[in-house]
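Values quoted throughout were computed directly from the atomic coordinates according to the rules given, and no laboratory measurement underlies them. Because the structure is a prediction, the values reported are computed rather than measured. No Cβ is skipped: glycine too gets one built from the backbone with ideal geometry, and neighbour counts run over all protein chains shown.
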Amino acid sequence: MNLDFVRVGPERLEQISAFLTAEPWPYHGRPRLSAEQVRASAAEGVYWSDETETFLVLEAGTPAAYLRLFDLDDPTALFDLRIRAARRGQGLGQTCVRWLSAHLFETRPELHRIAANTRVDNHAMRAVLGRCGYVLEAYYRQAWPQEGRLHDCVSYALLRSDWESGTLTPTPFSQEAVR
Ligand SMILES: CC(C)(COP(=O)(O)OP(=O)(O)OC[C@H]1O[C@@H](n2cnc3c(N)ncnc32)[C@H](O)[C@@H]1OP(=O)(O)O)[C@@H](O)C(=O)NCCC(=O)NCCS
């Protein structure tokens, strides 16, 4: 897989817009995006700002995936990953998550954690996170509004210390009473 991770700014707005509007994103709060919505988000600093970096993952010059890294001034950074439908299920998700984890910990020494929230039934994303060393930390009931429904969602995180040492620190949930 020969991939280029290209950090984008306003000069690539049209390319981001083409990628995001070309197909639906069934697990996102807003599954269909219009070019107008993408332009409005860009104007609000959603894709680039002091705390946000956006990348297009290019394969032979064509975008195969989109990565938005945000809340980068917090001790816990977040990300959004979207792979175009034709390239899903072929390992790209894991490649992207491993790449962004290394990129963030290597370029932001103050960052302690990277977290990702996803719909509870997004099995592919959950599998990717688990394979990349992210640990399930939270289950939120009815917390993911989407087209008039409230889905449950889950939160995973990777600790810098685990990333550095290649270990996996479990949560204490299994020892606590749940009621
Ligand atoms: C979620 C997403 C990023 C995963 O990336 P991907 O490239 O499709 O995933 P990978 O090919 O790396 O697969 C990772 C694992 O998930 C498993 N998997 C893939 N699809 C699955 C499914 N529908 N159900 C269960 N497991 C699945 C794969 O078998 C693989 O497991 P393995 O390592 O044992 O083989 C990608 O599918 C995507 O962009 N989906 C739409 C946008 C989205 O939902 N983004 C997440 C928003 S929070």
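Just round it to a whole percent: the fraction of Cα-Cα distances in the range 53-102 exceeding 16 Å. Walk me through the intermediate numbers first.
On the way: 469 of 1225 pairs.
Within the range 53-102, distances greater than 16 Å cover 38 percent of Cα pairs.
How much length, in nm to one decimal, is gained on full extension between Ala138 and Val46, taken as 0.36 nm per residue of separation minus their Cα-Cα distance? All intermediate terms of the calculation are to be shown ahead of the outcome.
On the way: separation 92, 0.36 × 92 = 33.12 nm, distance 2.52 nm.
Difference between extended and current length: 30.6 nm.
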Distance between modelled label sites at Leu58 and Thr167, nm, 7 Å Cα→Cβ extension: 4.1
For the chain, give the magnitude of the charge dipole about the Cα centre (Cβ charges: +1 Lys/Arg, -1 Asp/Glu; no others), in debye to the nearest 20. 700
Across the Cα atoms of the chain, what radius of gyration and what greatest pairwise Cα-Cα distance (Dmax) are found, in Å? 16.5, 52
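Mind giving me the FRET efficiency for Val6 and His112? R0 is 25 Å, r the Cβ-Cβ distance, nearest 0.05 is fine.
So, using R0 = 25 Å, E works out to roughly 0.40.
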